[in-house]
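What follows is one structure encoded as structure tokens, with my remarks underneath.
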Amino acid sequence: MKIFIEKNYTDLSKRVADIIESEMKEKSNLVLGLATGSTPVGTYEELIKRYKEEGLDFSKITTFNLDEYLGIPHDHVNSYHYFMEENFFKSINIDNDKINIPNGNPENVEEYCKAYDKKIENQGGIDIQILGIGENGHIAFNEPDDKLYLGTHVTDLTESTIKANSRFFDSIDDVPKKAITMGLGSIMKSKKILLLASGKNKANTIKKLLKDGVVSTHNPASLLLLHPDVTIILDEEAAEEYMK
Ligand code: PGA
């Protein structure tokens, strides 16, 4: 496991973009696993800048997003389809046919979930997966629980996640209660994992992850510690409690 502690969010975003850029230069048809949430936005901005200023080429990459709210139209401003389009895809030269985001309105959800994992497998797996981390240790929508699912599945959002995500909605009642998410097994199959955390509100989460020395389904991110190629990129605020 590698840990980078960057001065601030800008430097964190540049570090993550550097890692992705160097992987893209080694493999032009990279399979990139993407995340939503506030944390990766700076990385997307940095990658857009490199596309515009240096011609970083996204035309051959394939992307798989981690999750989507269930039952939300894809053009809804709070859907993850909309988020990815606005924050990344519309500003780079990606091939739309190579973008994969879980469908929040599948006809047969169980079959759809299996097909999503199969599609990742058929692409040869995810080369590099970007992850944020919830304050409760969740990864994508894999919430702390007695058991965690391996594959892509439908899940109930916890109260704490609904509360955290309500900042993007008009009211907490508008936050969907269910989501479709890649499982920890799907995520752990990625060849390389980048876990990002920024800001004071993640400081205790990171301390628990890196100092407790335990792996538990009640802290889903802790399972990542078993992955052979995980890089954790923090800013100083997120690293503060861990460094004490
Ligand atoms: P954030 O979300 O990047 O908005 O903090 C991370 C997460 O909940 O996984």
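The values are calculated or read from the model by the stated rules, or taken from the named source; none is laboratory data. Predicted, not measured: the structure shown is a model, and the values here were computed from it. Here the Cβ is made from the backbone with ideal geometry for all residues, glycine too, and neighbour counts use every protein chain on show.
Please work out if G213 is at positive phi and within 15 Å of the ligand (Cβ to nearest atom).
Working: at positive phi: yes; within 15 Å of the ligand (Cβ to nearest atom): no.
No; evaluated as a whole, the condition is false for this residue.
In segment 152-160, is there at least one residue being surrounded by fewer than 20 Cβ atoms within 10 Å (Cβ to Cβ), away from the ligand (no atom under 16 Å from the Cβ) and among the small types (G, A, S)?
Step one: of segment 152-160, the residues surrounded by fewer than 20 Cβ atoms within 10 Å (Cβ to Cβ) are 154, 156, 158-160.
Those left that are additionally away from the ligand (no atom under 16 Å from the Cβ): 154.
From what is left, the residues that are among the small types (G, A, S) are none.
Checked against the condition, which is being surrounded by fewer than 20 Cβ atoms within 10 Å (Cβ to Cβ), away from the ligand (no atom under 16 Å from the Cβ) and among the small types (G, A, S), segment 152-160 yields no hits at all.
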Test: residue in segment 136-147 that is more than 12 Å from the ligand (Cβ to nearest atom) and polar (S, T, N, Q): no
message: Given the condition on the phi > 0 side of the Ramachandran plot, within 18 Å of the chain's Cα centre (by Cα) and among the small types (G, A, S), answer yes or no: does some residue in segment 190-201 qualify?
response: yes
Within segment 52-69, tally of residues that are of a type in the set (A, V, I, L, M) and either part of a strand (DSSP E or B) or on the phi > 0 side of the Ramachandran plot (or both): 0
message: I need the strands (runs of 3 or more DSSP E) fully contained in segment 125-244, keeping only those with at least 3 residues that are touching a residue at least 40 places away in the same chain (Cβ under 8 Å).
response: 128-131, 178-181, 192-197, 230-235
query: Is it fair to say N103 is at pLDDT 95 or above, within 25 Å of E46 (Cβ to Cβ) and out of contact with any Lys or Arg (no Cβ under 8 Å at 6 or more places or on another chain)?
result: no
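Do we have any residue at all in segment 91-114 that's among the aliphatic types (A, V, I, L, M), more than 15 Å from the ligand (Cβ to nearest atom) and outside any loop (DSSP other than H, G, I, E, B)? Even if it seems obvious, please write down each step before you answer.
Looking only at segment 91-114, we keep the residues that are among the aliphatic types (A, V, I, L, M), and these are 92, 94, 99, 101, 109.
Checking the rest, the ones that are also more than 15 Å from the ligand (Cβ to nearest atom) come to 92, 94, 99, 101, 109.
With the extra rule that they be outside any loop (DSSP other than H, G, I, E, B), the set shrinks to 99, 109.
Looking for residues that are among the aliphatic types (A, V, I, L, M), more than 15 Å from the ligand (Cβ to nearest atom) and outside any loop (DSSP other than H, G, I, E, B), one finds at least one in segment 91-114, hence yes.
Is segment 116-131 home to any residue that is buried (at least 19 other Cβ atoms within 10 Å of the Cβ), among the hydroxyl-bearing types (S, T, Y), away from the ligand (no atom under 15 Å from the Cβ) and at pLDDT 95 or above?
Looking only at segment 116-131, we keep the residues that are buried (at least 19 other Cβ atoms within 10 Å of the Cβ), and these are 116-117, 120, 126-131.
Add one more test, that the residue is among the hydroxyl-bearing types (S, T, Y), and what stays is 116.
When the remaining residues are screened for being away from the ligand (no atom under 15 Å from the Cβ), the result is 116.
From the residues that got through so far, the ones that are at pLDDT 95 or above too are 116.
Yes - at least one qualifying residue is present in segment 116-131.
Okay, residues lined up against (1) modelled with pLDDT of 95 or more; (2) within 18 Å of L196 (Cβ to Cβ); (3) charged (D, E, K, R); (4) surrounded by 20 or more Cβ atoms within 10 Å (Cβ to Cβ):
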| position | (1), (2), (3), (4) |
| --- | --- |
| F4 | yes, yes, no, no |
| K7 | yes, yes, yes, no |
| V16 | yes, yes, no, yes |
| V41 | yes, yes, no, no |
| H81 | yes, no, no, yes |
| E85 | yes, no, yes, no |
| F88 | yes, yes, no, yes |
| N93 | yes, no, no, no |
| Y112 | yes, no, no, no |
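Name every residue in segment 13-51 that is within 15 Å of the chain's Cα centre (by Cα) and in a helix (DSSP H, G or I), in order of residue number. Walk me through it before giving the result.
First pass over segment 13-51, keeping only residues within 15 Å of the chain's Cα centre (by Cα): 13, 16-17, 20, 31-44.
Listed by number, the residues that qualify are S13, V16, A17, I20, V41, G42, T43, Y44.
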